[in-house]
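**Student:** Structure incoming, see below.
The values are calculated or read from the model by the stated rules, or taken from the named source; none is laboratory data. In this text, all values refer to a predicted model and were calculated from it rather than measured experimentally. We place every Cβ from the backbone using ideal geometry, glycine too, and count neighbours over all the protein chains shown. These accessible areas exclude ligands, DNA and RNA; they are computed on the full protein's heavy atoms, side chains included. Shrake-Rupley method; radii C 1.70, N 1.55, O 1.52, S 1.80 Å.
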Amino acid sequence: LNPDGSVRWTYRSRAVDPARGHLDTVRVLHAGTRPAEWRLALTLCGAGNLAVIDGEGEIVWEVPGHHFESLSIGRLCPAIPGPQIAVGIDHVPWGQSPVWVFDADGNQISTMTTVYSRCHHLIDWGGSGVLALAIAQPRGVFTCRGERLATLDLRLPDGEPDTDDVKLAVGNLTGNGVPDLLVTTPRAAYVFPSPGGAPSDLPLGTGPNF
């Protein structure tokens, strides 16, 4: 949209019919000084498409054929230049939910399979500057190759496991400037301080923490 609310452009896929579903997620892959230099990654879940477009709505690349949903963008794979895209695929049997990782040019780098991949976020878990992928329902933190770095132990005060309908977010929760994990269920919220990571310059308690 333009600043006055009028339509500036409309994304028209070459691979799928967008009317079969809706826009599920859109993230900035690259910011530029002109619209044509921007790159936006997006998923059309019901239409079954992952795409990167520029700031004028022109298609850069598309990967159709799966129920793509949540996107996370950052430097996950240290050997791959530029940012990478981690995307979950839904509407598959429980326990067979993939997360695919692509480079900025649309080349698939890796795949991992979890119990459910719908909710995930990136976090610098070890302090190396390379981001890890925290995925809610498997209650884990993973490398871009799917290697588990940590398991999040969710238990109520009486010791009962609390593992249903898990969600998570990343933010500076302890006030030390380092992003941490906030994990929630219908019954409790859990904070997992990151064992590493670079301090953020965002003040605690402001919206940009998330």
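**Student:** Residues in segment 1-25 that are open to solvent by 100 Å² or more (accessible area, probe 1.4 Å), outside any helix (DSSP H, G or I) and over 17 Å from ILE53 (Cβ atoms): how many?
**Tutor:** Summing the residues that are open to solvent by 100 Å² or more (accessible area, probe 1.4 Å), outside any helix (DSSP H, G or I) and over 17 Å from ILE53 (Cβ atoms) in segment 1-25 gives 2.
**Student:** Residue under question is GLY129, and the condition is that it be surrounded by 13 or more Cβ atoms within 10 Å (Cβ to Cβ) and over 17 Å from LEU71 (Cα atoms); does it hold?
**Tutor:** On the way: surrounded by 13 or more Cβ atoms within 10 Å (Cβ to Cβ): no; over 17 Å from LEU71 (Cα atoms): yes.
Judged against the criteria, GLY129 is not a match.
**Student:** For segment 26-38, enumerate the residues that are surrounded by 11 or more Cβ atoms within 10 Å (Cβ to Cβ), over 15 Å from PHE68 (Cβ atoms) and charged (D, E, K, R).
**Tutor:** The answer is GLU37, and nothing else.
**Student:** Also, quick follow-up: Any chance segment 133-150 includes a residue that's modelled with pLDDT of 90 or more and touching a Pro at 6+ places or on another chain (Cβ under 7 Å)? Break it down into steps so the answer makes sense when it comes.
**Tutor:** The first filter runs over segment 133-150 and keeps only residues modelled with pLDDT of 90 or more, leaving 133-150.
Keeping just the survivors that are touching a Pro at 6+ places or on another chain (Cβ under 7 Å) gives none.
Checked segment 133-150: no residue is modelled with pLDDT of 90 or more and touching a Pro at 6+ places or on another chain (Cβ under 7 Å).
**Student:** Residue under question is ILE109, and the condition is that it be within 15 Å of the chain's Cα centre (by Cα) and either at pLDDT below 90 or crowded, with 17+ Cβ neighbours inside 10 Å (or both); does it hold?
**Tutor:** On the way: within 15 Å of the chain's Cα centre (by Cα): no; either at pLDDT below 90 or crowded, with 17+ Cβ neighbours inside 10 Å (or both): yes.
When the stated conditions are applied, ILE109 does not pass them.
**Student:** Still on this model: On the phi > 0 side of the Ramachandran plot and open to solvent by less than 40 Å² (accessible area, probe 1.4 Å): does that describe GLY48?
**Tutor:** Values: on the phi > 0 side of the Ramachandran plot: yes; open to solvent by less than 40 Å² (accessible area, probe 1.4 Å): yes.
So GLY48 fits the description; yes.
**Student:** Let me ask another. Exactly one condition in (1) loosely packed, with under 12 Cβ neighbours inside 10 Å; (2) at pLDDT 95 or above is not met by ALA41; state its number.
**Tutor:** Condition not satisfied by ALA41: (1).
**Student:** Considering VAL92, VAL99, which residue is under 28 Å from ARG148 (Cα atoms) and within 12 Å of the chain's Cα centre (by Cα)? Spell out the reasoning first.
**Tutor:** Details: VAL92 fails: within 12 Å of the chain's Cα centre (by Cα).
When all the criteria are applied, what remains is VAL99.
**Student:** Quick one: which of ARG118, ARG139 is under 22 Å from GLY48 (Cβ atoms) and in contact with a Ser or Thr (Cβ under 9 Å, 6 or more places away or on another chain)? Don't jump to the end; show me each part of the working.
**Tutor:** Numbers: ARG139 fails: under 22 Å from GLY48 (Cβ atoms).
Being under 22 Å from GLY48 (Cβ atoms) and in contact with a Ser or Thr (Cβ under 9 Å, 6 or more places away or on another chain) holds for just one of ARG118, ARG139, which is ARG118.
**Student:** Let me ask something else about it. Quick one: is PRO83 touching a Leu at 6+ places or on another chain (Cβ under 7 Å), open to solvent by 40 Å² or more (accessible area, probe 1.4 Å) and not acidic (Asp, Glu)?
**Tutor:** Details: touching a Leu at 6+ places or on another chain (Cβ under 7 Å): yes; open to solvent by 40 Å² or more (accessible area, probe 1.4 Å): yes; not acidic (Asp, Glu): yes.
Considered against the rule, which asks whether it is touching a Leu at 6+ places or on another chain (Cβ under 7 Å), open to solvent by 40 Å² or more (accessible area, probe 1.4 Å) and not acidic (Asp, Glu), PRO83 comes out as yes.
**Student:** If you check ILE53, ILE73, which single one turns out to be under 11 Å from the mean Cα position of the chain (by Cα) and either closer than 21 Å to ASP90 by Cα or not polar (S, T, N, Q) (or both)? Talk me through it step by step, then tell me what you get.
**Tutor:** Working: ILE53 fails: under 11 Å from the mean Cα position of the chain (by Cα).
Within the list ILE53, ILE73, the selection yields ILE73.
**Student:** To continue, here is another question. Can you name the residue in segment 172-188 that is modelled with pLDDT under 90 and in contact with a strand residue (DSSP E or B) (Cβ under 8 Å, 6 or more places away or on another chain) and is also most open to solvent (accessible area, probe 1.4 Å) among such residues?
**Tutor:** Filtering segment 172-188 for residues modelled with pLDDT under 90 gives 172-179.
Keeping just the survivors that are in contact with a strand residue (DSSP E or B) (Cβ under 8 Å, 6 or more places away or on another chain) gives 172-174, 179.
Details: ASN172: 13, LEU173: 56, THR174: 73, PRO179: 43 Å².
In this case the residue turns out to be THR174.
**Student:** What number goes with the only condition from (1) part of a loop (DSSP other than H, G, I, E, B); (2) small (Gly, Ala, Ser); (3) at negative phi that ALA150 does not pass?
**Tutor:** With respect to (1) part of a loop (DSSP other than H, G, I, E, B); (2) small (Gly, Ala, Ser); (3) at negative phi, ALA150 is out only on (1).
**Student:** For THR163, indicate whether it is open to solvent by 30 Å² or more (accessible area, probe 1.4 Å) and part of a loop (DSSP other than H, G, I, E, B). Walk me through how you get there before you give the answer.
**Tutor:** Working: open to solvent by 30 Å² or more (accessible area, probe 1.4 Å): yes; part of a loop (DSSP other than H, G, I, E, B): yes.
Considered against the rule, which asks whether it is open to solvent by 30 Å² or more (accessible area, probe 1.4 Å) and part of a loop (DSSP other than H, G, I, E, B), THR163 comes out as yes.
**Student:** How many residues are free of Cβ contacts under 8 Å to residues at least 40 places away in the same chain and under 18 Å from the mean Cα position of the chain (by Cα) if we restrict to segment 27-45?
**Tutor:** Residues that pass the stated criteria total 4.
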